[in-house]
1. Sequence-distant or interchain residues sharing an amide H contact under 5 Å with D:Leu126, placed H: which?
2. In chain A, once you exclude exposed trypsin sites (Lys or Arg not before Pro) (DSSP loop, at most 13 other Cβ within 10 angstrom), what's the longest stretch remaining?
3. Antiparallel DSSP bridges in the protein assembly as shown: what percent, to the nearest 5?
4. Within the accessible area of chain C, what % is carbon and sulfur when the probe is 1.4 Å and the other protein chains stay in place?
5. Under 5 Å between amide hydrogens, which residues at least 5 positions from A:Val263 or on another chain qualify, with H placed 1.01 Å from N in the peptide plane?
6. Among D:Ile174, B:Pro101, B:Val160, whose Cα lies farthest out toward the positive end of the dipole of the protein assembly as shown, if unit charges sit on the beta carbon of Lys, Arg (+1) and Asp, Glu (-1)?
7. Whenever you get a sec, line up D:Phe315, D:Phe55 from highest to lowest accessible area (probe 1.4 Å, protein heavy atoms).
8. Can you give me the distance in nm between label points at C:Arg285 and D:Val63, each placed 7 Å from the Cα along the Cα-to-Cβ direction?
Amino acid sequence: MPQTPTATEATRKGADRRPLLSVRGLKTYFELDEGTVRAVDGVSFDVMPGEVLGIVGESGCGKSITMKSILRLVAKPGRIVGGEILYRPDPVGRAGGGGAEIDLTKLRKDGRRMRNIRGGEIALIPQEPMASFSPLHTIGEQIIEAIRLHQDVSKKEARAMAIERLREVGVPSPEQRVGAYSWQLSGGLRQRAIIAMALSCHPKLLVADEPTTAIDVTTQAQVLALLRELQAEHGSSIIFITHDLGVIAQVADRVVVMYLGRVMERGPVDDIFHAPKHPYTKALLRSVPNMDTEPRVALPTVEGSIPHPLHKPTGCPFHPRCPDAIPGLCDVKVPALRPVDSDQPVACFLYHREVEGE
Amino acid sequence: MSEAGAVTTHQAATEAATPVRAGERTRAVAHALPPERLLDVRHLKKYFPIKGGFFGSTVGAVKAVDDVNLHVDTGEILSLVGESGCGKTTTSRCVLRAVNPTSGEILFRIGDDEVIDVAKLSDRELRPLWRNMQMIFQDPFGSLNPRKNLFDIIGEPLLVNGVKSRQERMDRVAELLGLVGLRPEYMHRYPHAFSGGQRQRVVIARALALNPKLVVADEAVSALDVSVQAQILNLLLELQERLGLSYLFVAHDLSIVKHISHRVAVMYVGKIVETAPTDPLFHAPLHPYTSALMAAVPQADPRRRSEMIRLEGEVANPAKPPSGCYFHPRCPFATAQCKAETPLLREVRPGHFVACHRAEELDLPGVERGTPSLGTSRAEG
Amino acid sequence: MHWFIIKRLLLLPFLLLIFSIVSFALIQAPPGDFLTSYVAELAAGGTSIDQAEIEALRTRYGLDQPIYVQYGRWVGNLLRGDLGVSLEWRRPNSELIGERLVLTLILTTFSLLFTWAVAIPIGIFSATRQYSLLDYVFTILNYIGLATPNFMLALVLMWVAFDKFGVTVTGLFSPQYLDAAWSWARVGDLLSHIWLPMIVLGVAGTAQIARVVRANLLDELSKPYTEMARAKGLPEWRLVIKYPTRVAIAPVVSTLGWYFPQLLSGGLVVSVVMSLPTIGPLLLRALVGQDMYLAGTIILIFCMLAVLGALVSDILLVVLDPRIKLESA
Amino acid sequence: MSDVALPVADRAKEPSVYVTPAWKLTWLRFTKHKLGVVCLWIVVLITLMALMPEFFSAADPNVTSARLAYIPPQPVRIIRDGHLVRPFVYGVEGQRNQRTLKMEWVQDTDVVLPLRLFPRGYAYRLFGVIPTDRHLFGFGTAEQPVTANILGTDRLGRDQWSRLMYGTRISLSIGLVAVLISTVLGIVLGGISGYFGGWVDNLIQRLIDLLQAIPAIPVWLALSAALPRTWPVTWVYFAITVILALLGWTRLAREVRGRFLSLREEDFVTAARLVGASQGRIIFSHMVPSFASHIIAAVTLAVPLMILNETFLSFLGLGMRPPAISWGVMLQEAQNLQSVVNAPWLLIPGVFVIITVLALNILGDGLRDAADPYSH
């Protein structure tokens, strides 16, 4: 599936800058007894070096499965059935002369190369910091292990590094906390410790899967600020997955809007929020009350509810809820993701008539 | 706010005079409340014992709700807002007597001239209370019995409250389903046939079955998807207007609170730190915690990418709260007084109560808006 | 030490009291006493016994006293370490029980270790290869293991051994070592005999515990910390062993609480079938013959062993799971 | 507000699923478990045997004949001289070994005894009321019925198959009745414990701890040994049942308590309380139906344990005693190596035990998984 638009995007940013990661037509399906769930169904996007890419979407939109596919963590009965995930360890350099390109989907899931990339070059910040640490091992043990998996250092050095990382993410008295169990820490500290673990090997790409969903708003503000600082310092790229439009507006450089396993629209954060094109994006932005909406006046809503993933509609997945759906077209054909007079590709027949896969 | 002591005395007098029906002793204090007042919670406390030590004896208490005062007027939406563990849910459950409070009064206007103290009702007297006060839960999946169809679920309040005729119940359930935007023919379906938003409508229909005056909504929309949240908020607002309901709306999302409520009470570690009508509270907060809470809300606008004001530290442990003002370890404005003395909730401006020693001197940022902020018209202390 | 364990230790004397009452009540329950059945037995054999002699015996054993006096005397003696005298064998109970108890414990412990050594790997394998062919095979084997009464298994194995190999696999010792004093040779002889009873006794428990391990591990494998470990780049097998397995098998230790009593119980039946010189046959004989003090003492010992097993499992659990320290602190 | 748009699933899927009650969904889930369904049929068959052993039996199980001792099983065949024929067995002929003086049975391939369905045999009352003499099968011709022992005979020359049918009745019913008593005890005590909590809960929990710490078999043995030898069979039967039930209720009680505790916290139970539903209504209309399927599964899993325990006790001579017939009593015949070597078919009752327990276990697991598909 050729995805020319991303090439255009890259050209605008300068020929010498190639994406760190390019996801092309990714399809991850789950074979269940009841049928096939097409959790990720042809998703494409790029992550440029040093940028924060936000992926936003509601439940069942496939944002977490996309993340798991990149890290090759999709477990049975899920399987990547198509597309490619191109990772360029050394993206900076002359076009064509840059570092090699690795298609992560071609690597063995548990092979050495993939394991080296996982944690070493692409690290995960998970959603539930409490459950993401083993309860029977201290956080120190777990961070030290992560360091020693990817760096050739002694246990003692690794421990010093772990303490350093904890200090860096603002954990008070890290010398003691390194010996603590995760359940002995407060929610905010746990989240910081997870970030310390993810950063322990200076990954080129951080995948943050709803990292602030489980925590309170004041702690969330701390964590977001911390992530921003760390990113500025280390220059790593971040894929930030969330359902919270506010969070995405605050952290992302570019945004991918997903719905039922497909990309509806993507583009720079300012365009997505101030010039949204896809009816879904528009509706989503309108339906969220913010500090400026007039109190107690009916909010514009998206009618209906999100279909069950086993019973996705035909055609454009959003058409049953779309106020502008074109009968005979939207409910039959799947619109391709194509740019419309900007570097903001949209998958909607209101802007073009290109059909996916043709 | 009138003194609670007066009410108790008065109540004792009425009790002696008219020992007629069960429940009588908790009634007939109508004139203790202003006529517009529907609910008045006074000095509400709920302590959970901490068991420990060798014999499993009580070694302390988690003061989940610690001397809370609040009120809801007829037709009013009061939001109770705060971070997790602040006691907002426990407070709301005490009001409903889903949880028995440790002490305090919960005066509730059950009729035009009838006021009861919910906190003192015996178990038998709760049924008439619940006809006037109902609840909407957070989790639309756990709050509907998966083994019953919508007719049984929505019809149950009718059945247990004396509507024995099946036809009568069918009619009423159909009416209620229509009211919440569901088709009447859905009544024979089971909850597993519905999405989260639809289930929440069913929960609302059940709560409205007995025509309550007050609905306690405990995080009623926070488990829903963004695109469905707005539908339910609209429904709640529409119903409030049409049926003249009052809501005690428990939430943590400030944007939603600002959208829906007439007044807001902010809780922190079991106490109310600030309560005021929505507009002044959001635009001119008087408590540093309220201000910080609002600053922490990420704005859904990349052009307003403020350097979010970060509140250091984390919410205090209600089992071991700090001395003085519970907020002082995180407060950038804390003084020695804050460390030593617990501030009381006091009325600093008309209708605007705050529990902060320095409420008058601080000029705290609120939510920006186009018009000049209230800060200019601020009364100087 | 943790409150948790101290509490359990302090509970022990109380449990001892209850168990002693239960045991005593149990052995007092049959109508009549040892002497009536003894007399009946003699009569059946054609001999008779002088009434005066019976009364003398009755007085000697205290059988003419009220029940609470008999109980008091029994418990008093037990506390002094005197296990009493078997009425039937006319020998001190301690002598009768002594070696049999040791052999019972050896057999039980071996079976326990066998169970864990087999069940835990099977459980881990089944969970990590869920829905594989071998998982199904193990599942079916587990069901069969659960359904087979151990005496049945013992009989079949003995039969096969006799029919196919012409060996008799009963007892725990070769004849020459039966009454010999302990020596390395005797230990070796024991080891060469104990494996069959060990397997027979351990099969049902192996099936049960493999199921527990499989279910626990499946739970743990789906937890975020397992995925996080994977996301760190840890090789799959190392990850499974280090994280979820450790969490999954910690509760297996607590199965000791019910598994140890079950082994003691099961050992009884297996011993009868395989004529093992353990406590089982002795208890059976004592119960049938109303040898009350012997039976009571054995039941009491069994109860105490079971409680001690539970205590050991609690202590192990505290060692294995640091979270428990927090809860009891 | 207008009607909400139907989710697309409404149109795509058969709407009848939406009006299917939860128990039916559980049942549909169960029927997907093929092995479970097979086991259900096995259990049904065994239950039928237990209900009318007289009909399934071929001979009176108590008629002894030393002359016919230890006849090996005469398997039913359908192929004779390479041709498919109607089912038959070969006759057997006994010859006394002159040296060992033992009877030795030799198959006589010249004597063909055809299998007949529903022949007349010994008279009995079906379910204890309907007098009849029809049986499921027999051998020989209508004019000249012949006894043949498809599972062989025991020491006293009794037909094993017929005895097994009778044994099924006692073994299965002991299991069921004991579990029934356990269940009532477990539900009542567990329910009280879980619903009321507090010191009652504490007391019951400690009692359960205590009972679970006791090794069951020695205590069962002691209790059974206490039964007077002079008691009639029916008394012993009930006594054994009660003895088994006394220690068996703890697990169920824990299960019920756990369910009550977790259900008490469910929002839908709170909701029922808040609309004014009475305590009885909450328990019986909301809570009990919610865990009924779990209880059924737990009971199904408890029955095989009880069957095994009865078998243990009877095998050791402390449970059911002859002339009563149970699987354990029958296995007593095979208590030592000598008898097993001489007549391995004496172990067949054990195979019955295994099949029954296996089927009940798989059935119980299947039911549990169907009731609680997300538990693991």
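The values are calculated or read from the model by the stated rules, or taken from the named source; none is laboratory data. Here the structure is a predicted model, which is why all the values come from computation and not from measurement. All Cβ positions, glycine included, derive from the backbone under ideal geometry; neighbour counts span all protein chains shown. Side chains included, ligands, DNA and RNA excluded: accessible areas come from the protein's heavy atoms. Shrake-Rupley method; radii C 1.70, N 1.55, O 1.52, S 1.80 Å.
1. Sorted by chain and number, the residues that satisfy this are D:Thr132.
2. Numbers: sites that count: A:Arg94, A:Arg108, A:Arg353.
The reported range is A:109-352.
3. In the protein assembly as shown, approximately 70 percent of DSSP beta bridges are antiparallel ones.
4. With neighbouring chains kept in place, the figure for chain C is 68 percent.
5. A:Ser44
6. D:Ile174
7. The ordering from most to least exposed comes out as D:Phe55, D:Phe315.
8. 4.2 nm
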